[in-house]
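Throughout, read-outs are computed from the coordinates displayed, never taken from laboratory work. Since the model is a prediction, treat every value here as computed from it, not as a measurement. Cβ placement follows ideal geometry from the backbone for every residue including glycine, while neighbour counts extend to all protein chains displayed.
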Amino acid sequence: MLERFYDPQEGTIELDGQDIKTLNLTELRKQIGYVSQEPILFNTTIRENLLFAKSNATEAEMIDALKDANAWDFISKKFSTGLDTMGVSGGGQLAGG
C-alpha cells in the first residue's frame, strides 16, 4: 500500500503527515526500498544463483550470506548437495520468507 500499487478503499496512508495520494508517484517510489517475500531463483544451483550477485564470491562468503539470510541450516540439513543443490525456477524447492 505504501508504494501505491493499490490505494486504500477507505481512510488514508500518510507519510510525514501528508496523504501519499498527493505525492508524485515516481518520486515516492524512489524513496522506498522493497524486499519481496517471494524468492526469485534461476533454474540452476544455489551456488550459481549466489554468483549472479557476486561473481567472485568464495564458498565461505556464500555460506555466510546464506547464514545471514537464515537459510544455511535449512539447506545444509535438507540437501546433502549444499550449495550445489539445484533450485527450481522461482524457488519452488525452498521455503519463502
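For the chain, a Gaussian network of Cα nodes joined below 10 Å ranks Glu61, Glu27, Glu48 by mean-square fluctuation, and the top entry is Glu27. In plain terms, the C-alpha convex hull of the chain casts an average shadow of 8.6 nm² when viewed from every direction.
Between Glu3 and Glu61, full extension at 0.36 nm per residue minus the direct alpha carbon distance yields a gain of 17.6 nm.
Net charge of the neighbourhood of Asn56, taken over other residues with C-beta under 14 Å away and scored Lys/Arg +1, Asp/Glu -1, is -1. May I ask for the net charge around Arg47, where only other residues with Cβ less than 12 Å from the Cβ of Arg47 are counted and Lys, Arg are +1 while Asp, Glu are -1? Residues close to Arg47 contribute a combined charge of -3.
Please return the longest range in the chain lying between exposed loop sites, taking trypsin sites (Lys or Arg not before Pro), DSSP loop only, at most 15 other beta-carbon atoms within 10 Å, and leaving the sites out. Here the longest segment lacking exposed loop sites spans 5-53.
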